[in-house]
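S.K.: Take a look at the following structure, please.
What follows is calculated from the coordinates using simple rules that are stated; it is not laboratory data. This one's a predicted model, so the numbers in the text were calculated from it and none came from an experiment. Ideal geometry is used to build each Cβ from the backbone, glycine not excepted, and the neighbour counts take in all protein chains shown.
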Amino acid sequence: MFKNYLLVAYRNLVRHKGFSFLNIAGLALGLTACLLIGLFVHDELQFDRFVPAADRIYRVYTQQTKTETPEIFSSVSPMFATSLKQEFPEVEQTMRILMTGSSLNLLEVGEKKIYVEDGIIADSTFFSIFQLPFKYGSAAGALDGTTSVVLAEDVARTFFGDVNPVGQELKINKSTLVVKGVLQNGLDKFHRKVNYILPMAAAQLPKPRMSNWGWQQFYTYVKLRPGADARQTQAKLQRYLVEKVQPTLSEKDKLTAVPYLQPLREVHLYSASFKYDSAIKGNITYVKALALIAGFILLIAGFNFVNLATAKSMQRAKEVGIRKTIGASQQQLMLQFLSETVLLTLASVVLAAVLTSLLLPSLNAFTGKTMTFDVLRNPALLGGLALLTVVVGLVAGFYPALVLSSFQPVKVLKSAVVTDGIFGRVQWLRHGLIVVQFALSVFLIVCALVVFRQVSYLHNKDLGFNREQIMFFPMRGENMTKHYETFKHELQQVPGVAAVSIGYGFPGDQVAGDGLQVPTNGEMKEHSVTQLMVDYDYIKTLGLQLVAGRDFSRALSTDQDHGFILNETAVREFGFGSPQQALGQKVQWPVWNEKNPDSLKVGQIIGVVKDFHYKSLYDRLEPAVLQIFPPAYWKVAVKLKADNLGSSLEGVKQVWAKFSPETPIEYRFLDDNFAQLYQAEDKLQTLLFSFTGVAIFVGCLGLFGLATYAAERRKKEIGIRKVLGADVLTIVGLLSREFLLLVGVAAVIAFPLAWLALSRWLQDFAYRISIPWWAFGAAGLLAAAVAFLTVSYQALKAATTNPIRNLRAD
């Protein structure tokens, strides 16, 4: 019997090719979107799950307590690792990674020289915390000494080919190291990119620094003993700082942040707001949003299926009547129609699997992932698709099967209009499906429009400086760093170079946080500031605007040792009143001097610059101080003229080769650097637009089905109206009005939900747009236009049909 059901189902689907195509296409598109999103979400959730004992590994982070908005820092003092290991018996091991920024380092083997990023400087206990797999060598002693290095497999292959390089020499920034091990490939789900690992001893950090509670330059990890409670350890650590550490610190060194323990498996997805974090960041908000969109699309596709099936049911009423007359029960009819639904769903799932396989490489390229979709080699995936076929088929087909099997044979065989059974009583359900479909579509349209506006705002907001045609790069080699003034002078002579600045702390690049002592209520009080170590041409090169005072001047020798320039935010937070009133105020800075850590740079404010965004727009502007401090110089910014950009770049490269012939130049442009800060938002925008388009298209198929049903159900009414003189526009309006009303109801439901969701999303940005009212109007009008165009096709078809045919129809 079941075989007969499938055979009848197959013949019916082939006989009605148009109906079958619409249903299969709509469901397949919805399932494809869900599969692609599902693969992405699953991939995001896999980070660090391969690490042995990952459930016992935590990262230490701190949250500031003396700021208006909570600030979370991923980098902490080196003393956290020391204290946790020595004072907490529940801690099995600790490990620190030095915060080095994202700079490139030159790796050399023989004549091969390549810049490589994502190098790590870590304690020798790195592999006690993260037991990563080795291809060559072993973790034992891999990070002992000062000349060891462990390479990633791809890096090792680049320099040494496919041979075992353990024991071979390799230079990093001209320092000779010995390869002690090679990590296996397959670390793409580790929360840090690892191309090579150096021992902490190689950094030769001074002991006073390593015992300093105020130097926040380390990512610190803790591995607890089996059975230890992380919450209790966290509370104990917080009490330890208050009771044991704080009393030993001077007033200016008091800690202002509370430490917390973050589970390793949460580092990737739950650290989007962490500052100074070099981990591979995902965003749980975006993951949840995409998962929600996948659910929306699946609902829309399912509702679309139901509407198309019920629309088609009018054409099968007599079939049901005949089957019931010859003895078929309602249960048998339901089984037959459900088998048709499952068969149609199977075709949709197969098509969705094919589309997913075809589209996945593009999604991988877009997201930078290596996701796979191999159904034949993955029994779990194959079983999941089979289960999906059955569940979606039964759930989506239950209502149409109930409708079809409930027709009364006497009435349908007499050609009566079928409105008094289940089909007629639950008209609200069909309308409800349309309302939900378009509510979800309107919700997605509003979100897509607002996300587009916010992303455009991020890319186009005036940052307070000129970022066009500015290339920057680190200085390399002793000759260049010792003679940086000469190097800078020769760069300024290159045709097409407008200005050159050398310093530490360019916008979009690594900056330093430190304290500045300013007069407060008759005494010097330390404030946290961003330190930008600049030269005499920094303001000119970046095009910063002075709002009070003057720039640094070579003519005044006191500027280097006693001059400071603040931004407007610093003026406000230090209580100086206006920028003009801040001029001449005395300030002092504890100089970065390992030989004399108590030395102070005492000076006065000579100028105030207009606020400029040296960080991303996720971060609120902070007090910043500009000062001349040559020992910190390491990056060069070159402002190029728009004309003959290629020849100017070639000129810069020639000057570089003169000062550092053994190292190739590696440069970036400032605007590209800032664009990279918003890659996650760019990708979210693209994904949201793509999947919103899918949702709207699939929703239109459902609306098309309901319009078909409405036109079929009212064809005799339409014939009578035409005979009595109704024109085409009147009939089109008659059939369209009902659906436009449904879209209006959908918009009323969707608007507040979209506003709430977008308000929460925008809170992540320190600088954001206001949600524009027109986005809701545009979404509503777009949904109404799409609905009208979809319905009007069937309405026009019904309105232009010869009324005699409608009146003679059964």
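S.K.: Search the structure for amide H atoms under 5 Å from the amide H of A548, placed 1.01 Å from N in the peptide plane, and list their residues when 5 or more places away or on another chain.
M.R.: Excluding prolines and chain starts, which carry no amide H, the hits are V608.
S.K.: Can you tell me how the stretch 504-586 classifies by the Cα gyration tensor, rounded, prolate or oblate, using a/c under 1.5 as the rounded cut?
M.R.: It comes out prolate by the Cα gyration axes.
S.K.: What is the ratio of the Cα radius of gyration of the stretch 552-621 to 2.2 N^0.38 Å, where N is its residue count, to two decimals?
M.R.: 1.26
S.K.: Rounded to the nearest 0.05, what FRET efficiency is calculated for Q184 and D514 with R0 set to 60 Å and r the Cβ-Cβ distance?
M.R.: Efficiency at R0 = 60 Å is approximately 0.90.
S.K.: Order these peptides, 443-450, 294-301, by their mean beta-carbon neighbour count within 10 angstrom, highest first.
M.R.: Averaged packing, sorted descending, gives the order 443-450, 294-301.
S.K.: State which entries of K482/K635; K113/K135; K244/K525; K540/K641; K288/K615; K174/K639 exceed 19 angstrom in Cα-Cα distance in the structure shown.
M.R.: Beyond 19 Å: K113/K135; K244/K525; K288/K615; K174/K639.
S.K.: Evaluate the relative contact order of the stretch 54-275 (contact order divided by residue number), counting alpha-carbon pairs under 8 angstrom at least 6 apart; express in whole percent.
M.R.: That works out to 36 percent.
S.K.: Give me the one-decimal nm value for the distance between modelled label points at F366 and T285, 7 Å along each residue's Cα-to-Cβ direction.
M.R.: Between F366 and T285, the simple spin-label model gives 2.1 nm.
S.K.: State, to one decimal in nm, how far the label point of Y767 lies from the label point of Y457, with both points 7 Å from Cα in the Cβ direction.
M.R.: Each label point is offset 7 Å from its Cα along the Cβ direction, giving 1.1 nm.
S.K.: Given a Förster distance of 60 Å, report the FRET efficiency between R231 and V748 from their Cβ-Cβ distance, rounded to the nearest 0.05.
M.R.: 0.85
S.K.: Further question: Express in nm, to one decimal, how much length is gained between L600 and N212 on full extension, taking 0.36 nm for each residue of separation and deducting their alpha carbon distance.
M.R.: My answer for the length gained is 137.9 nm.
S.K.: For A726 and L645 in the same chain, what is the full-extension length gain: residue separation times 0.36 nm, less their Cα-Cα distance, in nm?
M.R.: 22.2 nm
S.K.: Can you give me the pair-distance distribution of the stretch 161-318, C-alpha pairs, 5 Å bins, whole percents?
M.R.: P(r) over the stretch 161-318, rounded to whole percents: 1, 6, 9, 10, 12, 13, 11, 8, 8, 5, 4, 4, 3, 3, 2, 1, 1, 0, 0.
S.K.: On to the next question. Skipping prolines and chain starts, which residues have an amide H placed within reach, meaning under 5 Å, of the one on L600, given they are 5 or more residues away or on another chain?
M.R.: Counting only residues 5 or more places away or on other chains, the set is V591.
S.K.: Work out, step by step, the length gained on full extension between L740 and D682: first 0.36 nm times the residue separation, then minus their alpha carbon distance; give nm to one decimal.
M.R.: Going from the current span to full extension adds 17.5 nm.
S.K.: Still on this structure, I have one more. Taking a ≥ b ≥ c as the square roots of the eigenvalues of the Cα gyration tensor of the stretch 470-675, is the shape rounded (a/c under 1.5), prolate (a/b larger than b/c) or oblate?
M.R.: Since a/c reaches 1.5 and a/b is larger than b/c, the shape of the stretch 470-675 is classed as prolate.
S.K.: Please sort 784-791, 111-118 by packing, taking for each peptide the average over its residues of neighbouring beta carbons within 10 angstrom, highest first.
M.R.: Most protected by this proxy first, the peptides run 784-791, 111-118.
S.K.: Still on this structure: Output wanted: per-residue J couplings in Hz (rounded whole) for the stretch 145-152, from phi through Karplus 6.51 cos²θ - 1.76 cosθ + 1.60, θ = phi - 60°, x for Gly and Pro.
M.R.: Ordered by residue, 3J(HN,Hα) equals x, 10, 10, 8, 8, 10, 10, 6 Hz.
S.K.: Here's something else I'd like to know. For V591, put the label point 7 Å out on the Cα→Cβ axis and report which residues of the stretch 599-631 keep their amide N under 12 Å from it.
M.R.: Answer for this model: 599-603, 629-631.
S.K.: Which of the peptides 121-129, 482-490 is most tightly packed, and how do the rest follow, going by the mean number of other Cβ atoms within 10 Å of each residue?
M.R.: Result, highest mean first: 121-129, 482-490.
S.K.: ³J(HN,Hα) across the stretch 369-374 via Karplus (A = 6.51, B = -1.76, C = 1.60, θ = phi - 60°), whole Hz, x for Gly/Pro?
M.R.: Computed from phi, the couplings for the stretch 369-374 are 9, 10, 5, 10, 9, 10 Hz.
S.K.: Can you give the direction-averaged projected area of the convex hull of the alpha-carbon atoms in the stretch 54-275, in nm²?
M.R.: 13.0 nm²
S.K.: Something else now. Please turn the phi angles of the stretch 109-123 into ³J(HN,Hα) values with the Karplus equation 6.51 cos²θ - 1.76 cosθ + 1.60 (θ = phi - 60°), one per residue in order, whole Hz, x for glycine and proline.
M.R.: For the stretch 109-123, the Karplus-derived couplings read 9, x, 8, 7, 10, 9, 7, 10, 9, 6, x, 10, 10, 9, 4 Hz, x marking Gly and Pro.
S.K.: Under a 5 Å amide H to amide H cut-off, with H placed in plane at 1.01 Å, what residues pair with E92 once short-range neighbours are removed?
M.R.: K223, L224, R225
S.K.: What distance in nm separates the simple spin-label points at F689 and L556, each placed 7 Å from Cα in the Cβ direction?
M.R.: 5.0 nm
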